[in-house]
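> Let me give you the structure first, and then I'll get to my questions.
Each reported figure results from applying straightforward, stated rules to the coordinates on display, with no laboratory input. Everything quoted here is computed from the prediction, not taken from an experiment. Neighbour counts run over all protein chains shown; Cβ positions are idealised from the backbone, glycine included.
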Amino acid sequence: MSRKILLENGDISGIDQFDIYRQHGGYQSVEKAIKTMTPLEVVDEVKKSGLRGRGGAGFSTGMKWSFLDRKSDKPRYLVCNADESEPGTFKDRYLMEKIPHRLIEGMIVSSYALGASRAYIYIRGELMWLAKRLENAIGEAKAHGLLGDNILGSDYSLDLVVHPGGGAYICGEESALLESLEGKRGYPRLKPPFPAISGLYGCPTVINNVESIAAVPWIVTHGGEEYSKIGIEKSSGTKLISASGHINRPGVYEIELGLPVEEFIYSDAYCGGIRNGRTLKAVVAGGSSVPILPAELILRTAAGIPRLMTYESLSDGGFQTGTMLGSGGFIVMDDTTCIVRNTWNFARFYHHESCGQCSPCREGTGWMEKVLHRIEHGHGTPKDIDLLVDIAKKIEGKTICALGDAAAWPIASAIRHFRHEFEYHIAHPDKITDPDHVYQPMGTK
Amino acid sequence: MVKITIDGIEIEVAAGTTILDAARQINPETAPPAMCFHSKLEGSGGKCRTCLVKVTKTSPSNPRPMPKLAPSCRTFVEDGMEVENNRSEEVLEARKGVVELLLINHPLDCPICDQAGECDLQNLAFEHGAETTDYQEERRRFPAKAIGDLIQLQMNRCILCFRCVYVADQLTDGRHHGVLGRGDSSEIGTYIEAAIDNDFSGNMIDVCPVGALTDRTFRFKSRVWFSKPMAAHRTCEKCCGNAVLWLKGNEILRVSGRRNDVGEVTEFICNTCRFDTKSLHLWEVEGPARISRDSVISQNHTPS
Ligand SMILES: Cc1cc2nc3c(=O)[nH]c(=O)nc-3n(C[C@H](O)[C@H](O)[C@H](O)COP(=O)(O)O)c2cc1C
Ligand code: SF4
Ligand code: FES
């Protein structure tokens, strides 16, 4: 059975209430840190844990914290990224809804470690009821002396603010998030400077995903070394995976990193296999932005080694035959799925969400969507497939923020692995005009 | 001072210089094209991506290349940095791609555009673009919008360089326009239709690299290459009073700000000088104005 850290005690009724959470060991880490540890000692534990950012990029959290400019005389900020809008990703929302105090506790210890006296949770605007839930939890923590002035009688004070966004995907990109938090348009900033040097209001800032921050209390309570023993090698700890698509048991699962992909898909403890007894066709393993892989490559690497749910194993083979763990949005598709239609759907999303600041993404995402729309609606030409690859290349690596890459990768990978399906669409416009058409494998009529 | 090498040519520049500026110091003609950056406008640049270069070596202490092509307008030099500009296939290819993307939704209505002949996008397409495109979708179109008697806004031609927004932010009292909408529906506008009217608004016309913002008082008066640019000045209480008069005979067809050899406005002028003093006796004429190297106008005039 899998180890529970983030969702520990998640099934106890009333765990969203302060008293029950506290009775089950909640806020221990705040006590331990503030009473017995210096801020830098907390940073050290997080470094030792090997925790990597759970927002998508997988950058070492301890390392990020140690980049924070502590010499500047400006205030320092911690900002929690709760904007979660990547298609296929719904794990932060689950965590905040189930155990809101876990995030609040994480925010307090992390802010203490970073020396921030003001911290923000920037939450996706559509999750208004969760913003209220978090505010309620903040109120409870304050009433018990765990937040606000002189926490637990120490001279450390923290003001924690929940800030709802307006529902734009781009505001999940950390620098656009900061702009939005400052009350401006959510346009990504040019980097460098990085937020650790110049972030919110030009002050040193750390931005972390909800899940990253929620892992910190356990690390502080049990020690970084203990955490690093969970999982394997450079993928330590547990990860929330939001599983969706054609599986028997969609939902959010906390897994120990290192679990074989095959077990995750087929075991009844997790996805429970493919719906209606059908066969697996493809998986988007880490949220819509990461490359799609066909069944044979998601279960095994190109070298035939069983793939594991780790940063390293999923990216084995690079983009040619691998993908990324990303945010843990695990989208499973069975053999009835039309890859062209799915790719068009993703393209539509990125076109809609491009902020429009830089020309390759602004113009290229729209172009790709139009071409895919044509192919999907029976008006494609054979040249269109290479054209899509070409447009994706014109965007990738040339933009201000990673949304450009995120728009290019799903399309390039779908063509890389499912080219025949695009060709089939172009050659057989008559077979795909039904808007609900399912993919007819080649050879069947 | 720091040493930097661009396409094999070494130059010493002040610390805090951008790669673009260093390249311009070597030779403005071979420097990367810059459609959104404008020296006089703080915070500009980084958006159009035409100025991308390859940093093959960041510095002797960090000899690795930068992982991605860097926007030269906003990337600062480091001592010992090595950069590839026109020598790198990758850079030229990327630039060609960006130019194509800037053009797919552009109306290409040069024959009826007042900017023709002094349009940065024309020059860019000519020097860095591909001959053909595979774009066959419908081009984006915006409904016409009025922003007053002095400035003509043609949103269809806009490449969203944001320069006019910086002008309004940094030069005029109160910004009345900005970018509305998102993604490829972004447009320049005032939200609630209003005239942009203040002493320095005319500079938006000069910084616009394309024909999206043009001088209404000059509209369809003449192709620019049929008029003769003369440097002139007058005593003005609002601005420097240094301008360029565009003459046809003794008639002033329009007045604009002066530019340096990469086409950037060097001194902003007020609307009185630009729109309300179109009579030769109000100006002290200095002589032919310097014209940017790639302007078609330079075909008819000897630059000074
Ligand atoms: C377009 C775009 C959208 C993003 N959306 C999110 C998001 O919703 N939530 C999130 O945590 N990170 C998101 N990220 C990643 C953040 O920029 C940032 O890397 C992350 O919040 C850092 O936290 P971590 O180190 O804890 O993962 C997004 C990045 C991009 C480019
Ligand atoms: S890549 Fe796209 S989303 Fe990111 S800054 Fe450029 S236009 Fe905006
Ligand atoms: S001039 Fe550098 S990005 Fe536009």
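> Whether any residue in segment A:351-358 is within 13 Å of ligand 1 (Cβ to nearest atom) and either surrounded by fewer than 18 Cβ atoms within 10 Å (Cβ to Cβ) or over 25 Å from B:K68 (Cα atoms) (or both) is what I want to check.
Yes, segment A:351-358 contains a residue that is within 13 Å of ligand 1 (Cβ to nearest atom) and either surrounded by fewer than 18 Cβ atoms within 10 Å (Cβ to Cβ) or over 25 Å from B:K68 (Cα atoms) (or both).
> Could you grab me the full set of residues in segment A:65-86 that are buried (at least 20 other Cβ atoms within 10 Å of the Cβ) and not in a loop (DSSP other than H, G, I, E, B)?
A:W65, A:Y77, A:L78, A:V79, A:C80, A:N81, A:A82
> Being away from ligand 1 (no atom under 16 Å from the Cβ) and within 29 Å of the chain's Cα centre (by Cα) is the requirement here; does A:K398 meet it?
Answer is no for this residue.
> Return a yes/no flag: does segment A:199-216 have any residue that is β-branched (V, I, T) and surrounded by fewer than 22 Cβ atoms within 10 Å (Cβ to Cβ).
no
> Can you spot a residue in segment A:195-210 that is under 23 Å from the mean Cα position of the chain (by Cα), outside any strand (DSSP E or B) and closer than 19 Å to A:S327 by Cα?
The answer is yes; a qualifying residue exists.
> For segment B:25-47, which residues satisfy the criterion of being over 15 Å from the mean Cα position of the chain (by Cα) and under 16 Å from B:M81 (Cβ atoms)?
B:Q25, B:I26
> Considering segment A:290-310 alone, what residues qualify as being touching a residue at least 40 places away in the same chain (Cβ under 8 Å) and surrounded by 20 or more Cβ atoms within 10 Å (Cβ to Cβ)?
A:V290, A:P291, A:I292, A:L293, A:L297, A:R307, A:L308, A:M309, A:T310
> Filter segment A:353-369 down to the residues that are without any contact (Cβ under 8 Å) to a residue 40 or more places away in the chain and at the interface with chain B (Cβ under 7 Å from one of its Cβ atoms), then identify the one that is farthest from A:A168 (Cα to Cα).
Ranking the candidates gives A:W367 first.
> Among the residues of segment A:72-108, write down those that are in contact with a helix residue (DSSP H, G or I) (Cβ under 7 Å, 6 or more places away or on another chain) and without any contact (Cβ under 8 Å) to a residue 24 or more places away in the chain.
The answer is none; no residue qualifies.
> Same structure, new question: Within segment A:399-418, take every residue that is over 24 Å from A:L297 (Cβ atoms) and in contact with an Asp or Glu (Cβ under 9 Å, 6 or more places away or on another chain) and give me the one that is farthest from ligand 3 (Cβ to nearest atom).
A:L403
> If the requirement is being buried (at least 20 other Cβ atoms within 10 Å of the Cβ) and of a type in the set (K, R), which of these qualifies: A:R118, A:R124, A:R93, A:R133?
When all the criteria are applied, what remains is A:R124.
> Here's a follow-up. Quick one: A:D44 ticks every box in (1) surrounded by 15 or more Cβ atoms within 10 Å (Cβ to Cβ); (2) under 25 Å from A:E84 (Cβ atoms) except a single one, so which number is it?
(2)
> Let me ask something else about it. So A:E173 passes all but one of these: (1) away from ligand 3 (no atom under 16 Å from the Cβ); (2) over 20 Å from A:G328 (Cβ atoms); (3) within 14 Å of another protein chain (Cβ to nearest Cβ). Which condition number does it fail?
(2)
> Restricting attention to segment B:120-145, which residues are within 13 Å of chain A (Cβ to nearest Cβ) and among the polar types (S, T, N, Q)?
Those that are within 13 Å of chain A (Cβ to nearest Cβ) and among the polar types (S, T, N, Q): B:T132, B:T133, B:Q136.
> So how many residues does segment A:8-40 have that are among the aliphatic types (A, V, I, L, M) and part of a helix (DSSP H, G or I)?
Total meeting the criteria: 5.
> What number of residues within segment A:164-184 satisfy the criterion of being assigned to a loop (DSSP other than H, G, I, E, B), without any contact (Cβ under 8 Å) to a residue 60 or more places away in the chain and either farther than 15 Å from A:A131 by Cβ or acidic (D, E) (or both)?
Number satisfying all stated conditions: 3.
> Sort out for me the strands (runs of 3 or more DSSP E) sitting completely within segment B:117-200 that have 1 or more residues that are without any contact (Cβ under 8 Å) to a residue 40 or more places away in the chain.
Passing ranges, in order: B:178-180, B:187-189.
> Could you list, in sequence order, the residues of segment B:15-38 that are more than 14 Å from chain A (Cβ to nearest Cβ) and free of Cβ contacts under 8 Å to residues at least 40 places away in the same chain?
Result: B:D21, B:Q25, B:I26, B:N27.
> Here is a further query. Considering only segment A:370-401, state which residues are more than 8 Å from every other protein chain (Cβ to nearest Cβ), in a loop (DSSP other than H, G, I, E, B) and buried (at least 18 other Cβ atoms within 10 Å of the Cβ).
Those that are more than 8 Å from every other protein chain (Cβ to nearest Cβ), in a loop (DSSP other than H, G, I, E, B) and buried (at least 18 other Cβ atoms within 10 Å of the Cβ): A:G380, A:E396, A:C401.
> Looking at (1) away from every other protein chain (no Cβ under 14 Å); (2) within 16 Å of ligand 1 (Cβ to nearest atom); (3) under 25 Å from A:K47 (Cα atoms), can you tell me which one A:P193 breaks?
The number of the failed condition is (1).
A quick yes/no check of all residues on (1) surrounded by fewer than 23 Cβ atoms within 10 Å (Cβ to Cβ); (2) of a type outside the set (D, E); (3) more than 10 Å from every other protein chain (Cβ to nearest Cβ):
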position: B:K40; (1), (2), (3): yes, yes, yes
position: B:T50; (1), (2), (3): no, yes, no
position: B:M66; (1), (2), (3): yes, yes, yes
position: B:R95; (1), (2), (3): no, yes, no
position: B:L103; (1), (2), (3): yes, yes, no
position: B:C110; (1), (2), (3): yes, yes, yes
position: B:D114; (1), (2), (3): yes, no, yes
